[in-house]
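The structure under discussion appears below in the form of structure tokens.
The values are calculated or read from the model by the stated rules, or taken from the named source; none is laboratory data. Predicted, not measured: the structure shown is a model, and the values here were computed from it. For neighbour counting, all protein chains shown are included, and Cβ atoms are generated from backbone atoms with ideal geometry for every residue, glycine included. Surface areas here come from the heavy atoms of the whole protein model, side chains and all, with no ligands, DNA or RNA. Shrake-Rupley method; radii C 1.70, N 1.55, O 1.52, S 1.80 Å.
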Amino acid sequence: MKVHQTDFSKGSVYRNILEVAVPMTFAQLLNLLYNIVDRMYIGRIPEVGTLALTGVGLCFPIITLITAFTYLFGNGGSPLCSMERGRGNKAEAEKLMGNTFTMLILTGVVLMVLGLLFYKPVLYAFGASDTTFPYAGEYIRIYLLGTVFVMISVGMNPFINSQGFGNMGMLTVLIGALLNIVLDPLFIFVLHMGVQGAALATILSQMCSAVWVLKFLTGKRAALRLKKEAMKIQWARVQRIVALGISGFIMAFTNSLVQVVCNATLQAYGGDLYVGVMTVLNSVREIFTMPVMGITNGASPVMSFNYGEKAYNRVKQAIRFVTVICVGYTLLAWGILKLFPEFFIRIFNNEPKLIEAGIPALHIYFFGFCFMALQFTGQCTFVALGKAKKATFFSLFRKAVIVTPLTLLLPRIANLGVDGVFWAEPISNLIGGCACFITMLLTVLPELREV
């Protein structure tokens, strides 16, 4: 593959964003395949597919928590790295990358050890039953062994994209995703390893992606290289990384919290069937939010670089472009889901009871899906411009202040039951998304007036 580097300081802002965002969106699609393909195959394991799918769904909060730490360091360090590149400070940019790498490794080891020690009580606290725990336990034990690989591949890939190497960042994910697609049916069905095979396929795939990331970032083609001397921890630098990355961490961490609360509440009001429905809805949501994440992640380094260069008009152009694309896409996605709900549920499971329960749940869960785009756009802008406090506040506001309490309260109101759990998501998208986006417009745009 030809190594192409986008120059964020020249040419059309829209083209710059798309040159990074298109391969990143494709990479996000491929990244989904790690979990989506697992669930598609797991849901079709003869006789136990639905229970196995529910069991793996109970592991999502743990997997999301691991991902949260990749965001804490990777999504905190890469915008700072872009800003320093925009200022022409290459040495500081490389030190930020090196410190991020060290923190990812250390955190990965700690998470793996703690996870292996406490996964059983944690899974039961997350809504596992004696029927579903065996499947959840088999999956998460193996997945945890690959924690460090996940931290490297997901946490360091933003540093490839932030240098303008969108195609190489995409290739990072492509390598792992294709390997996962090949290994999943081999391990699950040919070798009869069940959910253990799905987990093993995932961590082997992540290991290959991690090797690729390190090979590129330490090679000659990278504009900024990962060097041993830059990996020495400097706590003031780490503090800057964490301060900016905490918003992404909180967003993922609160997603994990919401998943726990949802699973536990659904278990109480609807049993294992509705925990399975939520597993499917989370999977469908990942599919449809992927392009939004791709375009916002693609815009972030462009915004950061031009903000560092004080090219404020280019930053405003980027914000307008991202807003129009994301809102337009989510309106279209909402319409597609409204028209073809059963199709997307059947991707993961053909069980008649799950489909019957899943269709009305999907209509509720994705109501007003377009407002979610406002949250992503506002959040992306705050992070890209280093507005750590605002980014952190709105991460907490939507999930911790709105979704979690509503998930607990709505099932008790007017006998909503399980429907109350599903209504919490669209309400939070409306309130949280509008609040985040309007605040961004009122606080960021005045600062971006050309001087």
Worksheet item: Considering the dipole of the chain built from charges on the beta carbon (Lys and Arg +1, Asp and Glu -1) around the Cα centre, which of Ile63, Leu116, Ile295 is farthest to its positive end?
Response: Ile295
Worksheet item: Over the chain, what relative contact order in percent results from Cα pairs under 8 Å that are six or more residues apart?
Response: 24
Worksheet item: What residue among Leu200, Ala222, Trp212 has its Cα farthest toward the positive end of the dipole of region 194-235, where the charges are +1 on Lys, Arg and -1 on Asp, Glu, each on the Cβ?
Response: Ala222
Worksheet item: So how compact is the chain: Cα radius of gyration and Dmax in angstrom?
Response: 21.1, 67
Practice prompt. Report the charge-dipole magnitude of the chain in Debye, nearest 20, computed about the Cα centre from +1 at each Lys and Arg Cβ and -1 at each Asp and Glu Cβ.
Written response: 1700
Discussion item. Give me the three principal axis extents of region 231-271 from the C-alpha atoms, as integers in angstrom, largest value leading.
Written reply: 50, 16, 10
Discussion item. Looking at region 248-322, I'd like the Rg to Rh ratio, where Rg is from alpha-carbon atoms and Rh is Kirkwood's inverse mean 1/r.
Written reply: 1.22
Item to complete: Leaving ligands, DNA and RNA out of it, report the carbon-plus-sulfur percent of the accessible area of the chain at a 1.4 Å probe.
Response: 68
Fill in: Cα convex hull of region 343-421 - mean projected area over all directions, nm²
6.9
Item to complete: Could you pull out the longest piece of the chain with no exposed loop GluC sites (Glu not before Pro) in it, calling a site exposed if DSSP puts it outside H, G, I, E, B and it has at most 15 other Cβ atoms within 10 Å?
Response: 48-449
Practice prompt. Return the whole-Å distance between the Cα centroid of region 136-193 and the Cα centroid of region 363-395.
Written response: 26
Fill in: Cα-based equivalent ellipsoid of region 45-201: semi-axis lengths in Å, sorted from largest, via gyration tensor
34, 18, 11
Practice prompt. Evaluate 2.2 N^0.38 Å with N set to the residue count of region 213-295, then give the Cα radius of gyration divided by it.
Written response: 1.67
Worksheet, complete the sentence: With x for Gly and Pro, the residue-by-residue ³J(HN,Hα) of region 227-243, computed from phi through the Karplus equation 6.51 cos²θ - 1.76 cosθ + 1.60 at θ = phi - 60° and given in whole Hz, is 10, 4, 5, 7, 7, 5, 5, 10, 5, 5, 5, 4, 4, 5, 4, 5, 4
Worksheet item: In the structure shown, do any of Lys120/Lys399; Lys95/Lys227; Lys95/Lys232 have a Cα-Cα gap over 20 Å, and if so which?
Response: Lys120/Lys399
Worksheet entry | Global geometry of region 117-275, whether rounded, prolate or oblate, following the gyration tensor of its Cα atoms and the 1.5 cut on a/c | oblate
Item to complete: Could you pull the Cα extents of region 183-232 along its three principal axes, largest to smallest, in whole Å?
Response: 46, 23, 10
Worksheet entry | Length released on extending from Asn89 to Ser12, taking residue separation times 0.36 nm less the Cα-Cα span | 25.3 nm
